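The values are calculated or read from the model by the stated rules, or taken from the named source; none is laboratory data. Keep in mind that what you see is a predicted model, and the values were worked out from it rather than measured. Neighbour counts run over all protein chains shown; Cβ positions are idealised from the backbone, glycine included.
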Amino acid sequence: MINREEKKTDVIVVGAGPAGIACGITLARAGKEVVIIERGLFAGSKNVFGGAIYTHSVKELFPNFETEAPLERRTVEHNYAILGEKDATTISYKKDGNGSYSIIRAKFDRWMADEAKKAGAYLVEETVVRELIVENGKVIGVRTELEEYFADIVVLADGVNSLLARQIGLRKDIETKDVALSVKEVIKLDKDIINQRFNIKDDEGAIVEIFGGPMLGMLGLGFMYTNTDSVTIGLGVTLNELVKANYRPFELLEQLKNHPKIAPLIEGGTLKEYSAHMIPEGGYKKIPKLVSDGVMVVGDAAMLVNNLHWEGTNLALISGKLAGETAIEALDDKDFSKKSLSRYEKKLNQSFVMKDMKTYKDLFDVMHVRKKAFLDYYLRKVNAFFEMFTSADGVPKRENYWKFIKSIFTDRGIIELFKDVFAIIKLVWSILV
Amino acid sequence: MNIDKNLYTLKYSPDTESHLVPVKEDCKLCVSRCCTYICPAGVYEWNEEKQELIINYENCLECGACRVACEKQSLKWEYPKGTKGVTFKQG
Ligand SMILES: Cc1cc2nc3c(=O)[nH]c(=O)nc-3n(C[C@H](O)[C@H](O)[C@H](O)COP(=O)(O)OP(=O)(O)OC[C@H]3O[C@@H](n4cnc5c(N)ncnc54)[C@H](O)[C@@H]3O)c2cc1C
Ligand code: SF4
Ligand code: SF4
């Protein structure tokens, strides 16, 4: 019989991603004993994202991160590229608003974990939690490959796959339509070349959100981010689409890299690292049960991702922080019941995290049904419009305009057009009201 | 397209046994064998002669997609041991 008291701590957090670290550091700063268990060689070594972190949320946990953390570039430009097969229309918005920074997860997560250690959290790396220990329906600890650890509260911050939330029935298995598989490449390029191609200065960064191209007709999005001396390019496609269409994700990425709009941006670069990761896409309706006796679920494990905006780390950080604050109250009250921990759920509901999840609750339903319209036909049509608008081929303009307008009616048909408009109105309504 | 040149950019510490274990009988009856194409690391190949999967588990990126997508929902999938598997230096 193991001596449980000896191996017992206040809180165990599984996973040292943004959600787990935010939870751990919140507890450590309040003087609670917290152990963060991470399966990777170091925090961040198993983690992949786009990506950019959002200043507002990071500051809530790390007020001085802008001077202390390993950051790549400060975002000053957002581009939205609508790709046809061979053409593209881009909308670009430029403002130096300090809203986000590109980072490298292997460096940034590690830095955050070091900060948590400095605050007094214990970080156990290279250790996989295989199972939760449940007694009388209450989670009382975790089983790793070698040992058992016990705690009053266990926080599941184990990411999108969250085998642990599934083990104790907080959620069902993920369906292929509720998750996107993403592949990405980090491509090394000279700093000066990046500055030139993206029209930015040394510390400035640009983001490109990509629609269409090789993903035309599929529920998928592409992305590019600039790092100090590398550029990230990747795409994420809903898993059921890949399964159905018999696509190899890296071949789609290769096609994207060869698109005439994208290829010049990465030309001459060398591949630094290839990676892949899943992104939760189920949205509000697929959020699992967030609390039970002795346990809370945070971050990707709770499906807290706002896909349209590529926001995940901020929802992870804030959900982790709120779970940490709840755990502090529960420890002070010595009450680790589901009822006590459900304060986490209330806090989450009051924060932007759950409000944003609710705002987009219908987005993916609509997109799944109307993807042939919104992620294929109209994307092509945007480009077709500009092709027409920019052509000087001797055809009178008015004739061109009418031809273009007529084509929409003949291509789509009145009924489909009506359905498209209806879907848009319904969607916009659900977002705004 | 060959994915190997991409995988060369990664740091791996392979285990001696696979953390991915399919149910052989299920794979024989599986229609899509989707694991052989959706995997971002090309871990699974179908061996027609032996009627079984070849599993290059040491190339796995630990994304979990094959587990979610498995047609028979029977792929036994777990994380490699704490000291094993892939390490991303960028992410
Ligand atoms: C391609 C891509 C692009 C993205 N782009 C952006 C972006 O630009 N901006 C943004 O804000 N978000 C982005 N996201 C989303 C964001 O990455 C996630 O929402 C965020 O990382 C979630 O944080 P987390 O801590 O919940 O999970 P994770 O970051 O996944 O961390 C989970 C941790 O738990 C560990 N772990 C898992 N299981 C166990 C176990 N059993 N035992 C021990 N340890 C375990 C893992 O090793 C990992 O360190 C992107 C995601 C992807 C995949
Ligand atoms: S999808 Fe599942 S059942 Fe089919 S071949 Fe792959 S592992 Fe076997
Ligand atoms: S976890 Fe991902 S990388 Fe590993 S075998 Fe499955 S699909 Fe391939």
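Residue check, residue B:66 against (1) within 25 Å of residue A:234 (Cα to Cα); (2) at the interface with chain A (Cβ under 8 Å from one of its Cβ atoms); (3) touching a residue at least 40 places away in the same chain (Cβ under 8 Å), all met but one. Which one?
(2)
Give me a count of the residues in the range A:67-115 that are part of a loop (DSSP other than H, G, I, E, B) and either touching a Ser or Thr at 6+ places or on another chain (Cβ under 7 Å) or away from chain B (no Cβ under 14 Å) (or both).
Our first condition is that a residue be part of a loop (DSSP other than H, G, I, E, B); within the range A:67-115, this holds for A:69-72, A:84-87, A:95-99, A:103-104.
Pick out the ones that are also either touching a Ser or Thr at 6+ places or on another chain (Cβ under 7 Å) or away from chain B (no Cβ under 14 Å) (or both) and you get A:69, A:71-72, A:84-87, A:95-99.
The qualifying residues number 12.
What do you reckon, is residue A:245 modelled with pLDDT under 95 and either of a type in the set (Gly, Ala, Ser) or more than 13 Å from ligand 1 (Cβ to nearest atom) (or both)?
Working: modelled with pLDDT under 95: yes; either of a type in the set (Gly, Ala, Ser) or more than 13 Å from ligand 1 (Cβ to nearest atom) (or both): yes.
Answer is yes for this residue.
When both residues are 6+ apart or on different chains and their Cβ atoms are under 7 Å apart, which pairs have a first residue that lies in the range A:318-332 and is farther than 13 Å from residue A:17 by Cβ and assigned by TED's automatic domain parsing to the domain that holds residue A:302, and a second that is of a type in the set (S, T, N, Q) and crowded, with 24+ Cβ neighbours inside 10 Å?
Within 7 Å, the pairs are A:321/A:26; A:324/A:26; A:325/A:26.
Are any of the residues in the range A:43-57 away from ligand 1 (no atom under 12 Å from the Cβ) and either under 30 Å from residue A:377 (Cα atoms) or more than 11 Å from every other protein chain (Cβ to nearest Cβ) (or both)? Talk me through it step by step, then tell me what you get.
Here is the first cut: in the range A:43-57, the residues away from ligand 1 (no atom under 12 Å from the Cβ) are none.
No, that holds for no residue.
Within the range A:250-277, which residues are part of a helix (DSSP H, G or I), more than 13 Å from chain B (Cβ to nearest Cβ) and free of Cβ contacts under 8 Å to residues at least 40 places away in the same chain?
Scanning the range A:250-277 gives a single hit, A:263.
Across the range A:180-226, what is the total count of residues that are at positive phi and of a type in the set (S, T, N, Q)?
1
For residue A:82, which of the numbered conditions (1) within 14 Å of ligand 1 (Cβ to nearest atom); (2) of a type in the set (A, V, I, L, M, F, W, C); (3) more than 24 Å from residue A:35 (Cα to Cα); (4) surrounded by fewer than 23 Cβ atoms within 10 Å (Cβ to Cβ) fails to hold?
In the conditions (1) within 14 Å of ligand 1 (Cβ to nearest atom); (2) of a type in the set (A, V, I, L, M, F, W, C); (3) more than 24 Å from residue A:35 (Cα to Cα); (4) surrounded by fewer than 23 Cβ atoms within 10 Å (Cβ to Cβ), residue A:82 misses (1) alone.
Can you list the strands (runs of 3 or more DSSP E) lying wholly within the range B:1-89 that have 3 or more residues being more than 16 Å from ligand 2 (Cβ to nearest atom)? Quick ask: steps written out before the conclusion?
Working: elements: B:11-13, B:44-47, B:52-55, B:85-87.
It comes to B:11-13, B:85-87.
How do the pairs read when you match residues in the range A:415-433 that are under 17 Å from residue A:364 (Cβ atoms) with residues anywhere that are loosely packed, with under 14 Cβ neighbours inside 10 Å, using Cβ under 6 Å and keeping only pairs 6 or more apart or on different chains?
none
The rows are residues; the columns are (1) near ligand 3 (Cβ under 9 Å from one of its atoms); (2) facing another protein chain (nearest Cβ under 9 Å).
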{"residue": "B:6", "(1), (2)": "no, yes"}
{"residue": "B:9", "(1), (2)": "no, yes"}
{"residue": "B:13", "(1), (2)": "no, yes"}
{"residue": "B:40", "(1), (2)": "yes, yes"}
{"residue": "B:50", "(1), (2)": "no, no"}
{"residue": "B:58", "(1), (2)": "no, no"}
{"residue": "B:71", "(1), (2)": "no, yes"}
{"residue": "B:83", "(1), (2)": "no, yes"}
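In the range A:161-176, which residues are within 10 Å of chain B (Cβ to nearest Cβ) and of a type outside the set (Gly, Ala, Ser)? Let's see the steps before the verdict.
In the first step, residues of the range A:161-176 are kept if they are within 10 Å of chain B (Cβ to nearest Cβ); the result is A:161-163, A:173-176.
A:161, A:163, A:173, A:174, A:175, A:176, listed by residue number.
Condition first: among the β-branched types (Val, Ile, Thr), under 26 Å from residue A:297 (Cα atoms) and outside the structural domain of residue A:185 (by TED's automatic domain parsing). Can you find one or more residues in the range A:57-72 that meet it?
Taking the range A:57-72 first, the residues among the β-branched types (Val, Ile, Thr) are A:58, A:67.
Now restrict to residues that are under 26 Å from residue A:297 (Cα atoms): A:58.
Then keep just the ones that are outside the structural domain of residue A:185 (by TED's automatic domain parsing); that gives A:58.
Yes, there is a match, as at least one residue in the range A:57-72 is among the β-branched types (Val, Ile, Thr), under 26 Å from residue A:297 (Cα atoms) and outside the structural domain of residue A:185 (by TED's automatic domain parsing).
Evaluate the range A:143-153: report whether one residue or more is within 22 Å of the chain's Cα centre (by Cα), within 24 Å of residue B:87 (Cα to Cα) and within 13 Å of another protein chain (Cβ to nearest Cβ).
Residues of the range A:143-153 that are within 22 Å of the chain's Cα centre (by Cα), as a first pass: none.
Scanning the range A:143-153 turns up no residue that is within 22 Å of the chain's Cα centre (by Cα), within 24 Å of residue B:87 (Cα to Cα) and within 13 Å of another protein chain (Cβ to nearest Cβ).
Taking the range A:229-249 on its own, how many of its residues are part of a strand (DSSP E or B) and either over 21 Å from the mean Cα position of the chain (by Cα) or under 22 Å from residue A:76 (Cβ atoms) (or both)?
Adding up the residues that qualify gives 5.
Filter the range B:36-57 down to residues that are over 19 Å from residue B:15 (Cα atoms) and among the polar types (S, T, N, Q) and give me whichever is surrounded by the most Cβ atoms within 10 Å (Cβ to Cβ).
Going through the qualifying residues, I end up with B:36.
Please give the number of the condition residue B:33 fails out of (1) surrounded by fewer than 19 Cβ atoms within 10 Å (Cβ to Cβ); (2) closer than 28 Å to residue A:52 by Cβ; (3) more than 7 Å from chain A (Cβ to nearest Cβ).
Of (1) surrounded by fewer than 19 Cβ atoms within 10 Å (Cβ to Cβ); (2) closer than 28 Å to residue A:52 by Cβ; (3) more than 7 Å from chain A (Cβ to nearest Cβ), only one is false for residue B:33: (2).
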